[in-house]
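In what follows, a single structure is set out as structure tokens and then discussed.
What follows draws every value from the coordinates through simple rules; no lab data is involved. Since we're looking at a predicted model, the values are computed, not measured. With ideal geometry, Cβ positions are generated from the backbone for all residues, glycine too; neighbour counts draw on all protein chains shown.
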Amino acid sequence: MFVKSLGIMALVGAATLLAPLSQAASLSAQEQAELKQLKDVTLNSDLSYRLIESLTTEVGNRMMGTPGDEKAVRWAQDKMKELGFDKVWTEEITDELWIRGEAEAKIVSPYPQKMVVLALGGSVGTPEKGITAPVAHFATLDDLKAAKPGSLDGKIAFVSYRMERHIDGKGYGPAVGTRVIGASIAAEKGALALIMRSVGTDNNRTAHTGLMRYKDGVKQIPAAALSNPDADLLVNQLKRGKPVNFHLKMSSSRETELVTSANVIGEITGSEKPEEMVVIGAHLDSWDVGTGALDDGLGIGMVLSAAHYIGKLPKRPKRTIRVILFAAEETGLLGAKDYVKRHKNDMKQHMIGAEWDFGSGRIYQMNPGVGASALNGVRELAGYLAPLGVSLAPDNDARAQSDMGLLSDAGMPSINFSPDGMAYFDYHHTENDTLDKVNAEDLKQTTAVYTMFSYFAAQSGIDFRK
Ligand SMILES: [Zn+2]
């Protein structure tokens, strides 16, 4: 009920939202002045940008098991120390190594053309000489699911579903299923390989990689994404009604060798209730293409910056600010899974958390997932953020982004900040995810929002579970 009335209030606007707070603000006038100071400093700072520049320049891409990942773990610890964190440590994880290898693809007939292709993360390779076979075309994953067992014997399955562009990225969900489970569905029908239109909204000749999984007990077949213009070209050849022969060759492999990575964790220790934590995070790993500037260098820059500026205040806030840079998000949320297990007994001290894993773009909305009485505090925060163009979402149902979603599932109250995500999936998981895509001005706004949220949650002492 309360959620619904909040929704109505959100529609009425920030002035109304603020009205009851004059009696009940949880920050004192001095604390509000400090919050304002943090806003001014971060809106004028390029620290987040410089951190992303450093990570993309000195480390580059950093998939678990690659030398870049090892470098990133060291980079993150060094930066936290340089930025004045009170404590910095790592928590190790291990996983089996996946090697991308090389991938090449072409239409063999009726009209030979070279295709731009990337193996999906976790895929097996083809035999050494590749696979050459006729293409069986499906417009959607559901169409592939509906194919009869045996109907794809000796064929390459192709799903041409086109991801839709939306400000909140909601086109990703309907598109990503093919990537994640398409290969096993195709294999169940007898296919030799799966190819798909990339999960992305661009028309660049760059393919989008991303994690795929095999179903237990189903033959493991190679899976790859075509660049979107190449997927369109393949559709156009198929439209002519003649059989289309396709060649795919990939040297990807899944190894039994174990590799190690680590969550890198740092804290600005609270002055009154150090055991109570406000948690902000991003993922440290990236895919092994591009330089991981948007995904998730941007989040790393923001959360390191937020903690740094709060740490520079004359006095530490009441609660601890914990920054978690998660390992191996892309290859299966491995760092987050380990974190939740390892911190099972202190999860109650995680008072509230927010991750950033949604690229560039200004934040336009804040969506809480907190206890009903904490909504008053959330409205107070919304009042402070409103001048930055951030409105309060009508619902109180947020699950944090990416890694931190697992902490939400474990009972941590959460806040989700929604940015303008129109362009994010143009670059996501591609060679094109590079520093030039980071909008330095928008980054100041997102950094200011994360800094203000972190300070507010740490200093106000609100119990976000209630
Ligand atoms: Zn990401």
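Per-residue extension of 0.36 nm, minus the Cα-Cα distance of T256 and A29, leaves a gain of 75.9 nm for this segment.
The magnitude of the dipole of the range 85-233, with charges of +1 and -1 set on the Cβ of Lys/Arg and Asp/Glu and taken from the Cα centre, is near 560 debye.
Counting other C-beta atoms within 10 Å, which of L27, L304 has the fewest, and how do the rest follow? Walk me through the intermediate numbers first.
Details: L27 19, L304 27.
Ranked by crowding around the Cβ, least crowded first: L27, L304.
Helix 228-239 and the longest principal axis of the C-alpha atoms of the chain enclose an angle of approximately 40°. The slack between N203 and E92, meaning 0.36 nm per residue of separation minus the straight C-alpha distance, is 36.1 nm.
Site pair D153 and E82 shows an inter-label distance of 6.1 nm when each label is modelled 7 Å from Cα along Cα→Cβ.
So, R0 is 30 Å and r is the distance between the beta-carbons of D40 and N345; what FRET efficiency does that work out to, to 0.05?
Numbers: r = 39 Å, r/R0 = 1.32.
Here the calculated transfer efficiency is 0.15.
Toward the positive end of the charge dipole of the range 231-286, with +1 on the Cβ of Lys and Arg and -1 on the Cβ of Asp and Glu, the farthest Cα among N263, S286, S253 is that of S253. Please give the residues of the range 100-138, grouped as numeric ranges, whose backbone N is less than 12 Å from a label point set 7 Å along the Cα-to-Cβ vector of L233. Inside the label zone: 105-108, 111-117.
Looking at the chain, the DSSP beta bridges with both ends there are about 55 percent antiparallel.
Taking the number of other C-beta atoms within 10 Å as the exposure measure, put V159, V108 in order starting with the fewest. Show your work: numbers first, answer last.
Working: V159 25, V108 14.
The fewest-first ordering by Cβ neighbours comes to V108, V159.
Taking a straight line from the alpha carbon of K106, these aspartates and glutamates sit under 15 Å away, with near neighbours fewer than eight places off in the same chain left out: D230, D232. In the chain, a dipole from Cβ-located charges (positive for Lys and Arg, negative for Asp and Glu) runs towards its positive end, and of Y427, L27, V135 it is V135 whose Cα lies farthest in that direction.
Would you mind putting 164-174, 195-205, 360-370 in packing order, based on average other-beta-carbon counts within 10 Å, highest first?
The peptides rank, most packed first, as 195-205, 360-370, 164-174.
For the range 67-82, the Karplus equation 6.51 cos²θ - 1.76 cosθ + 1.60, evaluated at θ = phi - 60°, returns couplings of x, x, 5, 4, 4, 5, 4, 5, 4, 5, 5, 4, 5, 4, 5, 4 Hz by residue, with Gly and Pro reported as x.
Taking the longest Cα principal axis of the chain as reference, the axis of helix 440-460 is set at about 50 degrees. Between K337 and A372, the modelled labels are 3.7 nm apart [label points 7 Å from Cα along Cα→Cβ].
Selection among A187, V199, S151 by position relative to the dipole of the range 151-208 gives V199 as farthest towards the positive end (Cβ unit charges, Cα centre).
Compared with the dominant principal axis of the Cα atoms in the chain, helix 2-12 is inclined by about 90°.
Note down the magnitude of the dipole of the chain about its Cα centre, charges +1 on Lys and Arg C-beta and -1 on Asp and Glu C-beta and zero elsewhere, to the nearest 20 debye.
Values: 51 positive and 57 negative charges, 201 e Å.
Once rounded to the nearest 20, the dipole reads 960 debye.
Counted over the range 101-251, the DSSP beta bridges are approximately 55% antiparallel.
List nothing, just return the count: lysine pairs in the range 295-418, 8 or more apart or interchain, with Cα separation under 28 Å. Don't skip to the answer; put the middle values down first.
Details: K312/K348; K315/K348; K318/K341; K318/K344; K318/K348; K337/K348.
Within the range 295-418, the lysine pair count is 6.
In a reduced charge model with +1 at each Lys and Arg Cβ and -1 at each Asp and Glu Cβ, the range 210-320 shows a dipole moment near 360 debye about its Cα centre. For a straight C-alpha distance cut-off of 24 angstrom, the lysines reachable from K148 (same-chain residues fewer than eight places away being disregarded) are K189, K215, K219, K239, K242.
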